[in-house]
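Notes to accompany the following structure.
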Amino acid sequence: MIIPVALALLLSYLVGSVPFGFITGRLLGVDVRRHGSGNIGATNVLRVVGPAAAVPVLLLDASKGIAAVYLGRALAPGLDPAWAGTLAGMAAIAGHNWSVFLGFKGGKGVATSAGVAMVLIPWSVVVGLIVFLATILITRYVSLGSLLAAAATAVYVLAVAAPLPFKVFGVAGAVFITVRHRSNIKRLLAGQEARLGQRAGPKS
């Protein structure tokens, strides 16, 4: 049991570690880590390169979370599928946030977390998306939308009759996202956070 679970977590972490934002930027001659917020996620790719690159990055980052859940269930059949999918999904999120291919640096885990949630608790994605879009519509702050969506998702999962592993994921995912947005929170409080639509220059 231990070896299959360990293998599932390791492979899920490696899947999550693939830095699609960084790779996409490099293919276009840009190191997104040196521009805008320095993040490799779709939002910074959008600001640095544009929507034609950001949309594929968003979808690919989400696909890492989806793939990890199924990978965990397939490679650890002796483990409760709910726990197998949850742990593998969280390993992929950790890989995205702290990628072995980028010196254990990476993104903020929003899209990858959404991918995991799409498989585990689909309705939570609907709740999170509504909050995310409403926040952006009102404030044009993607980071604030991500933070509030993560919080709303956690509240939803805790409120409904979901298995314990899914509740653990909802809370842990929200904590992961909040921790990774510490710099954004500081900029939001200081009124210095970039709004959606602003182009990014070289990172200062």
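The values are calculated or read from the model by the stated rules, or taken from the named source; none is laboratory data. Keep in mind that what you see is a predicted model, and the values were worked out from it rather than measured. When we count neighbours, we look across all protein chains shown, and the Cβ atoms used for this are built from the backbone with ideal geometry, even at glycine.
Brief remarks follow.
- Just one residue in the set SER124, SER183 is surrounded by fewer than 19 Cβ atoms within 10 Å (Cβ to Cβ) and either among the small types (Gly, Ala, Ser) or modelled with pLDDT of 95 or more (or both); that residue is SER183.
- Scanning the range 36-94 for residues that are among the basic types (Lys, Arg) and closer than 27 Å to GLY197 by Cβ yields a total of 2.
- The set of residues from the range 17-38 being out of contact with any strand residue (DSSP E or B) (no Cβ under 9 Å at 6 or more places or on another chain), farther than 21 Å from ILE66 by Cβ and not small (Gly, Ala, Ser) comprises ARG26, LEU27, LEU28, VAL30, ASP31, VAL32.
- Number of the exception - SER146 against (1) part of a loop (DSSP other than H, G, I, E, B); (2) crowded, with 20+ Cβ neighbours inside 10 Å; (3) of a type in the set (Gly, Ala, Ser): (1)
- Residue check, ALA54 within 17 Å of the chain's Cα centre (by Cα), within 29 Å of ALA161 (Cα to Cα), without any contact (Cβ under 8 Å) to a residue 60 or more places away in the chain and surrounded by fewer than 23 Cβ atoms within 10 Å (Cβ to Cβ): no
- Pick from the range 113-145, criterion under 15 Å from the mean Cα position of the chain (by Cα) and touching a residue at least 60 places away in the same chain (Cβ under 8 Å), ranking: nearest to VAL69 (Cα to Cα): SER113
- If the condition is being in a helix (DSSP H, G or I) and buried (at least 23 other Cβ atoms within 10 Å of the Cβ), then the range 101-119 contributes VAL110, ALA111, THR112, SER113, ALA114, GLY115, VAL116, ALA117.
- Test for ASN39: is it at pLDDT below 95, closer than 30 Å to TYR141 by Cα, buried (at least 20 other Cβ atoms within 10 Å of the Cβ) and touching a Lys or Arg at 6+ places or on another chain (Cβ under 8 Å): yes
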